[in-house]
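Reading through the structure tokens given below for one structure.
Every number here is computed from the coordinates shown, using simple stated rules; none is lab data. Because the structure is predicted, anything quoted here is derived from the model rather than measured. Every residue, glycine among them, receives a Cβ derived from its backbone with ideal geometry; neighbour counts consider all protein chains shown.
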Amino acid sequence: MKTRITELFGIQHPIIQGGMHYVGFAELAAAVSNAGGLGTITGLTQKTPADLANEIAKCNDMTDKPFAVNLTFLPTVSSPDYPGYVKAIIDGGVSVVETAGRNPIQVLPHLQDAGIKVIHKCTSVRHALKAQQIGCDAVSVDGFECGGHPGEDDVPNMILLPRAADELEIPFVSSGGQADARSLVASLAMGAEGMNMGTRFICTKEAPVHQNVKDAIVAASELDTRLIMRPLRNTERVLVNPAVERVLATERAKGAECTFEDILEDVAGVYPKVMMDGDMDVGAWSCGMVAGLIDDIPTCQELIDRIMTEADAIIRTRLEGMLSGSVTQVA
Ligand SMILES: Cc1cc2nc3c(=O)[nH]c(=O)nc-3n(C[C@H](O)[C@H](O)[C@H](O)COP(=O)(O)O)c2cc1C
């Protein structure tokens, strides 16, 4: 399948693995890229630019295909060393950067001058248009369903994607709630030129996270995520657990007065304990509603091959069949 996204990034299939804190290590990024998609190393999971340079070098050893690095701009007081991370990305020969969090104007010229393509992930049409205006090569349109930070507008992809298609000229991929061939074909129908998946890629053999994390997602249904940090306007979709229930109780009790310090214990420093130690109830961690569509743990190659084969069948048999008058069922 060829789209503007496969051509822009030099990849075989229009499937991207989004940056994920303490999940997007070289092992996963290389596995996704080797399977013909675009894998992504999460920049800020690496504590220093030197650590990121090592992780990029490791990924270069594991694949000769293009891969990306995610740079997330956090609402933190002490800013990470972004110029250092950008230098590590450029020196490492990375070909794509996924930016997120806020508009990437501060890093965009440096990356593009080095020949790097930039895809900005955002949760609204107005932010997507801003990304286009400042010169991003593509955007990843992240609907309300998504794991992680869905923004504050609460527009699901059934509306957000066609709205993005109506407004944007640069290519975009769908993100949030994407899991399988049905997601891909629906995204393409709504104007996207590929899809970005987060939660689905955690449940792959190569994702270097504790088995408990994968099992928890497989066990979860589409009803098992919650939105926390709404009062702080830093909404995050997470898998429900006792820590999340505590955060929500505090938020309800404090209302508009709730501060980050009130919930700190259940949200700060949680990722290594969940993802590496498998301590599932230690705090809140991002997970998409799409958990309800995930019930196995394939390799990245099996997952991507299955999506592309089934997408072909949906387009050629189910949709084409409807046009030609035959009634078919797709599993
Ligand atoms: C565990 C987890 C950690 C994430 N960490 C980040 C991150 O550090 N930076 C970022 O831009 N997006 C992050 N995301 C968002 C994903 O890149 C992607 O946009 C999102 O998962 C898409 O929704 P889905 O989970 O429904 O596929 C994270 C998502 C998950 C599930």
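Okay, here's what the table says:
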read-out: Förster radius 30 Å - calculated FRET efficiency between Asp154 and Ala268 (Cβ-Cβ, nearest 0.05); value: 0.75
read-out: Within the range 1-127: Cβ-based charge dipole about Cα centre, in debye rounded to nearest 20 (Lys, Arg +1; Asp, Glu -1); value: 460
read-out: Most fluctuating residue given options Gly269, Gly93, Gly148, as computed from a GNM of the chain linking Cα atoms under 10 Å; value: Gly269
read-out: GNM result for the chain, Cα springs below 10 Å: residue of Thr123, Thr99, Thr63 fluctuating most strongly; value: Thr63
read-out: FRET efficiency, Thr317 to Ala256 (Cβ-Cβ, R0 56 Å, nearest 0.05); value: 0.60
read-out: Theoretical ellipticity at 222 nm over the chain - DSSP helices of four or more residues, -39500 (n - 2.57) apiece, nearest 500; value: -11000 deg cm²/dmol
read-out: Neighbour-count ranking [beta-carbon atoms within 10 angstrom, fewest first] of Ser33, Ser78, Ser95; value: Ser78, Ser95, Ser33
read-out: Long-range HN-HN contacts of Phe67 with modeled amide H, under 5 Å; value: Ser95, Val96
read-out: Anisotropy class of the range 1-140 from Cα gyration tensor, a/c 1.5 cut; value: oblate
read-out: Built amide H within the under 5 Å cut-off of Val173, gap 5+; value: Val139, Ser140, Val141, Glu193
read-out: DSSP bridge pairs, the chain: antiparallel proportion in percent, nearest 5; value: 20
read-out: Sorted by Cβ neighbour density within 10 Å, fewest at the top, the residues Val32, Val282; value: Val282, Val32
read-out: Loop-resident sites, the range 1-84, for GluC sites (Glu not before Pro), counting at most 11 other Cβ within 10 Å (DSSP); value: none
read-out: Most mobile listed residue (Ala192, Ala57, Ala268) in the chain, GNM with C-alpha springs under 10 Å; value: Ala268
read-out: Under 23 Å, Cα to Cα: Lys pairs in the chain, sequence gap 8 or more or different chains; value: 21
read-out: ³J(HN,Hα), Karplus 6.51/-1.76/1.60, whole Hz, each residue of the range 308-323, x for Gly, Pro; value: 5, 5, 6, 5, 4, 5, 5, 5, 6, 9, 5, 6, 4, x, 4, 5
read-out: Local net charge near Gly147, Cβ-Cβ under 13 Å (Lys/Arg +1, Asp/Glu -1); value: -1
read-out: Normalised contact order of the chain, rounded percent, pairs of Cα under 8 Å and 6 or more residues apart; value: 16
read-out: Rounded to whole Hz, the Karplus (6.51, -1.76, 1.60) HN-Hα couplings of the range 208-222, x for glycine and proline; value: x, 10, 4, 4, 4, 5, 4, 4, 5, 5, 4, 6, 6, 10, 5
read-out: Cα-projected label distance for Leu223 with Glu7, points at 7 Å along beta-carbon direction, nm; value: 4.6
read-out: Prolate/oblate/rounded label for the chain (Cα gyration tensor, a/c 1.5); value: rounded
read-out: Charge context of Ala219, other residues only, Cβ under 13 angstrom, K/R +1, D/E -1; value: -4
read-out: Cβ-based exposure ranking for Val155, Val97, in which fewest neighbours within 10 Å come first; value: Val155, Val97
